[in-house]
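Single-structure report; data block below.
The values are calculated or read from the model by the stated rules, or taken from the named source; none is laboratory data. Quick caveat, the model's predicted, so the values are computed rather than measured. So basically every Cβ, Gly included, is an ideal-geometry build from the backbone, and we count neighbours across all protein chains shown. The accessibility values were calculated without ligands, DNA or RNA, using every heavy atom of the protein model including side chains. Shrake-Rupley method; radii C 1.70, N 1.55, O 1.52, S 1.80 Å.
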Amino acid sequence: MKTRVAAAVVFLALNLGALAQSNPGPQAPASIVVKAAKLLDVRKGSYVENAAIWIEGERIKEVGHAAEVQAHAPKTAKVIDLGRATVLPGLIDCHTHIMARMEDTPNGYIVSLATKSQAFRALEGAYNARITLLAGYTTIRDVENEGSGYADVALRDAINQGLAEGPRMQVATRAIAALGQYNPFGVSPDLTNFPTGAQMVSGVEEARRAVREQIGHGADLIKVYADWEHPTLTVDEMRVIVEEAHKQKLKVAAHADTAEGIKNALSAGVDSIEHGHGANREDLEMMKSKGTFLVPTVGWVDAWIEAHKNDPFTPEQRAEGEAQFQKIRDAIQTSKSLGVKIAAGFDASTAETQGKNASELAAMVKRGLTPLEVIQAATINAAELLSWQDKVGAVEPEHYADLIAVEGDPLADITVLQRVNFVMKGGVVVKEGASSPH
């Protein structure tokens, strides 16, 4: 009897071990060669004609002209011929809110927190992640989950385990804001346990505790709100957040729109300014000297204009809006002239904007960046901001085989990146609207 029980235990342990090691997600074939008419070298800004990429597992082995690459690749390699298509690295969005599908109404934020369970928010996030991947974004930096606890950590881990389909993710979890200075606003003070869009703090030690807690629960980066119409967190509060994050080799992103809020965040040592629409030249010179990234998030401005184009604004309101839009254009132009590092991020948070990440790229071109500069902001620059420059952002040996393909020339027409017809993530084809593999 004891022998049979022992044998059963060993059998069960071996099978459970095998199950634990199995990955339910799709696996990359051992060897693949992807061929296309053109491959964009995002570093040089030039095309490789009649290109091929040899992929082993989830990583790129060799890149070059098709004849040379195919001569080196195994004869048994699976060939995916994309015909006339142009291949680029998978795109990176550095400012997502993947858990958010909120109505663009005055009370939309409150309604979302009040009516959606954490489980439902997680399912929304999974859907958003899938459509973002299918849009050609194979990596995202999610800069806080808008009141969904640590659901972004769960989604990231589920994607990594193959349980859900989505981009590679870095997540900021709850973000940190000054008490009473972030959404939701207007909630009755009687509702003391009503959820908040960020973790609210007041004072240096509360800020220190919050960042330690978020790192302990799985944050890959920390997000702070340096302002909200006016400066909120103090320099000392942000400085201790940066100190704690940097000790763990994590970066800090700061929502900052006012000139003073931007200066405060930079003085505290943050790694990126998100939005930065009210930046003055002194702020931008400070960013250049510190090597701080700007993630300008201008696509939502165009989306907002389109959504509200028929609203009955007064002449004064229209003039005020145009002045603000001009300030944004000026900030981006000055950033470019000074050589501030720019990474792309769309800031989608509604059902209408999720999965439309490439709208940001067209909006950046409208503000005076070249198509190549914008593509670099969504590839090699973004990879540097994530400290993943050895993994993503370029079609190069040893990088993940994250590829997209489009019809047309993105250096001539950036909008072709809104019509991605082929997506590969880690050697696995997740979208294929071009030629069939053979």
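So L123 fits all but one of (1) farther than 30 Å from I404 by Cα; (2) open to solvent by 60 Å² or more (accessible area, probe 1.4 Å); what number is the exception?
(1)
Return yes when I215 is farther than 19 Å from A114 by Cβ, within 25 Å of the chain's Cα centre (by Cα) and in a strand (DSSP E or B) and no when it is not. So that I can check it myself, show each step before the final result.
Numbers: farther than 19 Å from A114 by Cβ: yes; within 25 Å of the chain's Cα centre (by Cα): yes; in a strand (DSSP E or B): no.
Taking the combined requirement at face value, the residue does not satisfy it.
Considering only residues of segment 307-317 that are in a helix (DSSP H, G or I) and surrounded by 11 or more Cβ atoms within 10 Å (Cβ to Cβ), which is modelled with the lowest pLDDT?
Taking segment 307-317 as the starting set, the residues that turn out to be in a helix (DSSP H, G or I) are 307, 315-317.
From what is left, the residues that are surrounded by 11 or more Cβ atoms within 10 Å (Cβ to Cβ) are 307, 317.
Numbers: A307: 83, Q317: 89.
This residue is A307.
When L163 is evaluated against the numbered criteria (1) within 26 Å of P89 (Cβ to Cβ); (2) open to solvent by less than 20 Å² (accessible area, probe 1.4 Å); (3) not acidic (D, E), which criterion, by number, is the only one it fails?
L163 satisfies every listed condition except (2).
Criterion first (in contact with a Lys or Arg (Cβ under 8 Å, 6 or more places away or on another chain) and of a type in the set (D, E)) does E244 satisfy it?
On the way: in contact with a Lys or Arg (Cβ under 8 Å, 6 or more places away or on another chain): yes; of a type in the set (D, E): yes.
Spelling it out, E244 is indeed in contact with a Lys or Arg (Cβ under 8 Å, 6 or more places away or on another chain) and of a type in the set (D, E).
Tally time: how many residues in segment 76-94 are closer than 10 Å to G393 by Cβ and not in a strand (DSSP E or B)?
Going residue by residue through segment 76-94, those that are closer than 10 Å to G393 by Cβ are 89-92.
The next check asks that each one be not in a strand (DSSP E or B); those that pass are 90.
Residues meeting the conditions: 1.
Please specify each residue of segment 329-356 satisfying the condition of being in contact with a strand residue (DSSP E or B) (Cβ under 8 Å, 6 or more places away or on another chain) and either over 19 Å from I273 (Cα atoms) or open to solvent by 30 Å² or more (accessible area, probe 1.4 Å) (or both).
Listed by number, the residues that qualify are K336, K341, D347.
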